[in-house]
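Beneath this line is the structure, given in structure tokens, with notes to follow.
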Amino acid sequence: MNPRPGFVLEVDRSTPPTLMWKGESFGLQKLPTGSRIVYAPEPFDALEDPQGAIRDALENPTGDQKPLSALLFAGMRLTICFDDISLPLPPMLAPDIRQMVIEAVLDQAAESGVDDVVLIAALALHRRMTEPELRHALGSRVYDAFAPHGLLMQHDAEDPSNLIHLGQTDHGEDVEINKRAAESDLLVYVNINLVAMDGGHKSVATGLASYKSLRHHHNPKTMRHSKSFMHAPSSELHSANWRMGRLIKDSGVNIFQIETTLNTNTFPESFQFLQKREWEWGIKDRMAFAASSRALDLAPRKMARNILQGIKAPHALRTVYAGEVEAVHEKITADVWEQQGVAVSGQTDIVTMGLPYISPYNVNSIMNPILVACLGLGYFFNSYRGKPVVREGGVAILFHPTRPEFHPGHHPSYIDFFEQVLTETTDPVVMSERYEEAYATDPWYIHLYRTGHAYHGVHPFYMWYWCSHAMEHLSKVIIVGGDPATVRRLGFQSATTLDDALEMAKDSVGMSPTITHLHTPPLLMADVT
Amino acid sequence: MKALIIERKVSRFAAARLVSSFGSGRGAALGPLRLFDTPAPKDLGPGWFSVTPVLAGICGSDLATVDGRSSHYFEHLVSFPFVPGHEVLGVMNEAGFDAFGDPLLEGDRVVLQPVLGCAARGIQLCDACREGDVGRCQFLNVGHIRAGLQTGYCADTGGGWSEGPLRAHQSQLYKVPDALSDDDAVTIEPMACALHGALRAHHSGSSTVAVLGAGTLGLGVVAAFAFLAATGRSPRPSRLIVGARYPSQRAVAKHLGADEAVPTDQLARSVRMATRSMISGKSNGKMGPLTGGADIVIDCVGSAESLKESLEIVAPGGRIVMIGMPGKVNVDLAGLWQREVEIVGAYAYGVEHLDGVTVPTFSLAMEMVAHHHTGTLVSAHYPIDRFEEALAHAGAAGPRGAVKIVFDLGRKKATEKKEG
């Protein structure tokens, strides 16, 4: 039976309360009658033979690229780059898709007699992965074959000896990427296309770039002109990456792009109720909800966090394409939209979102207040094509406790950003002019990024910039259950209950606003007409 | 005349120390300070004049004394019983002369430079006093008056917390310009302390300066740096960062010229950012010492914690200026040794040497007070009868959004006298 597509439910008196994420807990929330709830499509079926599909993709490339086997030869330099810990969400059950693809590539390389092979985690300015995280992504067989010999690297955007400046685009954008990758005979990039903005030229142009390169598109102007990130033709972020990607190609870097889509099977059996429609919950689902929500509420915060961060998603490979970057990406993006797209008719005055415990930047970590803003206003708000779910001048109501908690090892510059920058301004343009460079070049942050597991000093700025479009578009952001002082620091308002939040929204959207709730995760993207 | 007097009663000092653990200034209720009807101090001879206090401030060292928390170091530098109060605006009860030898008329407003140096004691001037550097006087417990490092700690002179006259030596008297309000004038003494402390920093235009604490002294230091730069006497530090516990203090610090005013627990973080330092390890679960740090740290608190923090955020080869009155502290000085850090005290005032010109700190302070109108830092005036409330208010000035609390001792009488 085909999975059911996503749809929009209109809440009436018989509609049961909807599941609402609140960070490291969740509950049931009754929405006002007449509200709409956008449900994601059900997960598509997994491929029966993922290894076979991968091999087939490698040998039958998409677009103007040769089969992988034809590109491999003895004596060549081969570099295999792969997406980092930020994908997929939650981390998937082993074997990870990266492991499956890389093993297939390595098998072919071995058959062709290639022995100069290096693996590189394409971190950009993200934190370095830990050994367990690398083992999980690549499998112990690959890890043990490469890591002990120094052949498993993590991209270091602050290592001038391993960066190469390839030139400037016709827009004056510097393109500086990983030297080993750029100078290899073949660069194989292994993507996980969790959302529509992943992959394409962004893989190399962003994932293997330096701050010098990234600052050209990770800035408030680009973010405000990306409407949305998920829709390439309307995304300035996409355009900038494409200009850079084409320069990389013209520089002679031979890229063999492998892109994959996973289905949206997000939660394991014990948490399956989290991705079901509430009126279809059986006794088992109700009991699982009652037990888990109560346990998470009662558990010490660290324990609740560990429980949730320990979830491994039963994601399964749905499609895989390999070959020329743009051709591969066009096909894969269509597949992502097919899995996640939901037709939504008309905009709403108020959009509500329950924010879960995880975002791309707090895997095995803490969702700090800046990441809360980024998940709600950067990611969920931008998960649209056409126009935002909420109208211009509308209100976003997020559910999250938004505590002033930070992981000091992963997010050191976020703490300073919160204490210094946000106390001065929440305006992305002002902060970019006044503070960005100081954070980006701070030697302590650079040291922690290079030697520890810290996000780069400039990263909190980028997270805030992701919110630029939403902050410009919305008249108000209200966080239900958010720590009042912290929420105020973010420039938003806090409310105790949804009713309070709706009351607070009235001065922006009138007495009888329309309300739309995004029931995510699983991931969905609204096709708003 | 009504005056507040501190007596040497060990039991009362002990009680004050106990009670003050519930809050600074609480020692006034049970401690050594009591309100008496007492005769005015006797004439102390030629060069001494009768001055009636108009306003008298309450400073941190006063609170420490009232609360029984002063260091034993001062035992031989005070004489009991004494009338406290060394931040004094008064009026001359008779014609006299000021510190420069210029005549003063009865009714003239004066501020007291309270140090009781060699000139006041009628002895041959020590080297420091000869230079005008009275804060460094060697002979604070000899001469024809009893021991006392300042007016307000001496049994013979009286003090500012009194409705009746005190005795002031010519060397202590500075005429208040008409342009200064009474509130401005009563801040001259603490501003002189702050100014002297700022100049003890020996900063340059490339210095990063961190100020720890934003009570009257901390804010005064900020004002001093701004004043010195505005008048071209010394360059502005490249970065002036203030750690202040309360939001109102941070707002005033910014207003007076701080580049950054952050909560006290964020000072180290801000200094690290400003100086692009790294961090060497952790200290008790908190951020560890900085590898670099501020060129100058001005400690306006004077506690073991503040000195420890100063040592953690000062740069190698840097300088810590202690303006806040310290007592006995237990601090690890290994970092001081290894990083060749200087700690210098900044007590009171005397003369300052600026571009080859020697100028009394008090004269400079008057100019600074006129520049900033620091009388706005005076948050409340209390009659002497409500001294317990006044001291409690001063002890909780920060959380209550106040800066300087003063006794209003005879403003009305002084005005009547002037008009009459």
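With the checklist (1) more than 21 Å from B:THR374 (Cα to Cα); (2) in contact with an Asp or Glu (Cβ under 9 Å, 6 or more places away or on another chain); (3) open to solvent by 10 Å² or more (accessible area, probe 1.4 Å) in hand, flag the one item B:LYS254 doesn't pass.
Of everything listed in (1) more than 21 Å from B:THR374 (Cα to Cα); (2) in contact with an Asp or Glu (Cβ under 9 Å, 6 or more places away or on another chain); (3) open to solvent by 10 Å² or more (accessible area, probe 1.4 Å), B:LYS254 misses just condition (1).
Suppose the filter is outside the structural domain of B:ARG400 (by TED's automatic domain parsing) and buried (at least 24 other Cβ atoms within 10 Å of the Cβ); does B:ALA210 pass it? It would help to see each step written out before you state the result.
Values: outside the structural domain of B:ARG400 (by TED's automatic domain parsing): yes; buried (at least 24 other Cβ atoms within 10 Å of the Cβ): yes.
Yes; evaluated as a whole, the condition is true for this residue.
Are any residues in the range B:250-267 touching a helix residue (DSSP H, G or I) at 6+ places or on another chain (Cβ under 6 Å) and away from chain A (no Cβ under 11 Å), and if so, which ones?
Scanning the range B:250-267 gives B:VAL252, B:ALA253, B:LEU256, B:GLY257, B:ALA258.
Being of a type in the set (Gly, Ala, Ser) and in a helix (DSSP H, G or I) is the filter here; which residues of the range B:17-47 pass it?
First, the residues of the range B:17-47 that are of a type in the set (Gly, Ala, Ser): B:20-21, B:23-25, B:27-29, B:31, B:40, B:45, B:47.
Within the range B:17-47, B:SER20, B:SER21, B:GLY27, B:ALA28, B:ALA29 qualify.
Sort out which residues of the range A:440-472 are more than 14 Å from every other protein chain (Cβ to nearest Cβ), closer than 20 Å to A:GLN154 by Cα and open to solvent by less than 40 Å² (accessible area, probe 1.4 Å), and write them in order of number.
Within the range A:440-472, A:TYR455, A:HIS456, A:HIS459 qualify.
Looking at B:PHE387, B:PHE362, can you tell me which residue is touching a Phe, Trp or Tyr at 6+ places or on another chain (Cβ under 8 Å) and within 17 Å of B:PRO190 (Cα to Cα)?
Working: B:PHE387 fails: within 17 Å of B:PRO190 (Cα to Cα).
When all the criteria are applied, what remains is B:PHE362.
What pairs come up if the first residue lies in the range A:497-519 and is at positive phi, the second is surrounded by 12 or more Cβ atoms within 10 Å (Cβ to Cβ) and at pLDDT 95 or above, and their beta carbons are under 9 Å apart, counting only those six or more places apart or on different chains?
Hits for this filter: A:GLY510/A:ASP349.
Just one of B:THR291, B:THR264 is open to solvent by 40 Å² or more (accessible area, probe 1.4 Å), in contact with a Lys or Arg (Cβ under 8 Å, 6 or more places away or on another chain) and in the same structural domain as B:GLY218 (by TED's automatic domain parsing); which is it?
Working: B:THR291 fails: in contact with a Lys or Arg (Cβ under 8 Å, 6 or more places away or on another chain).
B:THR264 is the lone residue from the list that is open to solvent by 40 Å² or more (accessible area, probe 1.4 Å), in contact with a Lys or Arg (Cβ under 8 Å, 6 or more places away or on another chain) and in the same structural domain as B:GLY218 (by TED's automatic domain parsing).
So, B:SER24, is that one of a type in the set (S, T, N, Q) and open to solvent by less than 20 Å² (accessible area, probe 1.4 Å) or not? Even if it seems obvious, please write down each step before you answer.
Working: of a type in the set (S, T, N, Q): yes; open to solvent by less than 20 Å² (accessible area, probe 1.4 Å): no.
Answer is no for this residue.
For the range A:33-79, name all the residues that are among the acidic types (Asp, Glu) and out of contact with any Pro (no Cβ under 8 Å at 6 or more places or on another chain). Working first, answer last.
From the range A:33-79, those among the acidic types (Asp, Glu) are A:42, A:45, A:48-49, A:56, A:59, A:64; that's our starting set.
Scanning the range A:33-79 gives A:GLU48, A:ASP49, A:ASP56, A:ASP64.
Any idea how many residues of the range B:285-324 are within 22 Å of A:GLY409 (Cα to Cα) and out of contact with any Ser or Thr (no Cβ under 6 Å at 6 or more places or on another chain)?
Total satisfying the criteria: 5.
Counting only residues that are open to solvent by less than 30 Å² (accessible area, probe 1.4 Å), give me the strands (runs of 3 or more DSSP E) lying completely in the range A:146-189 with at least 2 of them.
Numbers: elements: A:152-154, A:163-168, A:174-178.
Correct list: A:163-168, A:174-178.
Step by step: first the residues of the range A:332-383, then only those that are of a type in the set (Gly, Ala, Ser) and open to solvent by 10 Å² or more (accessible area, probe 1.4 Å), then the one that is farthest from A:ARG489 (Cα to Cα). Which residue is that?
The first filter runs over the range A:332-383 and keeps only residues of a type in the set (Gly, Ala, Ser), leaving A:334, A:341, A:343, A:345-346, A:354, A:359, A:365, A:373, A:376, A:378, A:383.
Right, trim to open to solvent by 10 Å² or more (accessible area, probe 1.4 Å) and you get A:334, A:341, A:343, A:345-346, A:383.
Numbers: A:ALA334: 39, A:GLY341: 34, A:ALA343: 35, A:SER345: 35, A:GLY346: 33, A:SER383: 25 Å.
The extreme case among them is A:ALA334.
Please enumerate the residues belonging to the range B:1-16 that are buried (at least 16 other Cβ atoms within 10 Å of the Cβ) and either in a helix (DSSP H, G or I) or without any contact (Cβ under 8 Å) to a residue 40 or more places away in the chain (or both).
B:ARG12, B:PHE13, B:ALA15, B:ALA16
Of the residues that make up the range B:275-291, is at least one modelled with pLDDT of 90 or more, under 30 Å from B:ASP62 (Cα atoms) and among the β-branched types (Val, Ile, Thr)?
Filtering the range B:275-291 for residues modelled with pLDDT of 90 or more gives B:275-279, B:289-291.
After this cut, where a residue has to be under 30 Å from B:ASP62 (Cα atoms) as well, the list is none.
No, every residue in the range B:275-291 fails to be modelled with pLDDT of 90 or more, under 30 Å from B:ASP62 (Cα atoms) and among the β-branched types (Val, Ile, Thr).
Please return the ranges of strands (runs of 3 or more DSSP E) entirely within the range A:36-130 where 3 or more residues are farther than 30 Å from A:THR516 by Cβ and at pLDDT 95 or above. It would help to see each step written out before you state the result.
Numbers: elements: A:36-39, A:77-82, A:116-121.
Correct list: A:77-82, A:116-121.
Where residues in the range B:403-417 are at pLDDT below 95 and among the charged types (D, E, K, R), which of them is surrounded by the most Cβ atoms within 10 Å (Cβ to Cβ)?
Taking the range B:403-417 first, the residues at pLDDT below 95 are B:409-417.
Going one step further and asking which of them are among the charged types (D, E, K, R), we end up with B:411-413, B:416-417.
Values: B:ARG411: 16, B:LYS412: 10, B:LYS413: 13, B:GLU416: 10, B:LYS417: 14.
The residue in question is B:ARG411.
Could you grab me the full set of residues in the range B:231-251 that are in a helix (DSSP H, G or I) and either in contact with a Phe, Trp or Tyr (Cβ under 9 Å, 6 or more places away or on another chain) or surrounded by fewer than 17 Cβ atoms within 10 Å (Cβ to Cβ) (or both)? Talk me through it step by step, then tell me what you get.
The first filter runs over the range B:231-251 and keeps only residues in a helix (DSSP H, G or I), leaving B:247-251.
Answer for the range B:231-251, where residues must be in a helix (DSSP H, G or I) and either in contact with a Phe, Trp or Tyr (Cβ under 9 Å, 6 or more places away or on another chain) or surrounded by fewer than 17 Cβ atoms within 10 Å (Cβ to Cβ) (or both): B:PRO247, B:ALA251.
Of everything in the range A:384-439 that's among the β-branched types (Val, Ile, Thr) and either without any contact (Cβ under 8 Å) to a residue 60 or more places away in the chain or within 14 Å of another protein chain (Cβ to nearest Cβ) (or both), which residue is least open to solvent (accessible area, probe 1.4 Å)?
Here is the first cut: in the range A:384-439, the residues among the β-branched types (Val, Ile, Thr) are A:389-390, A:395, A:397, A:402, A:415, A:421, A:423, A:425-426, A:429-430.
Checking which are either without any contact (Cβ under 8 Å) to a residue 60 or more places away in the chain or within 14 Å of another protein chain (Cβ to nearest Cβ) (or both) leaves us with A:415, A:421, A:423, A:425, A:430.
Details: A:ILE415: 31, A:VAL421: 0, A:THR423: 74, A:THR425: 19, A:VAL430: 42 Å².
Checked the range A:384-439; the qualifying residue least open to solvent (accessible area, probe 1.4 Å) is A:VAL421.
Within the range A:29-41, does at least one residue satisfy the condition of being farther than 30 Å from A:ARG286 by Cβ and open to solvent by 10 Å² or more (accessible area, probe 1.4 Å)? Lay out the reasoning, then the answer.
Of the range A:29-41, the ones farther than 30 Å from A:ARG286 by Cβ are none.
No.
The values are calculated or read from the model by the stated rules, or taken from the named source; none is laboratory data. Here the structure is a predicted model, which is why all the values come from computation and not from measurement. Positions of Cβ are generated from backbone atoms using ideal geometry, with glycine treated the same way; all protein chains shown enter the neighbour counts. Heavy atoms of the whole protein, side chains included, go into the accessibility calculation; ligands, DNA and RNA do not. Shrake-Rupley method; radii C 1.70, N 1.55, O 1.52, S 1.80 Å.
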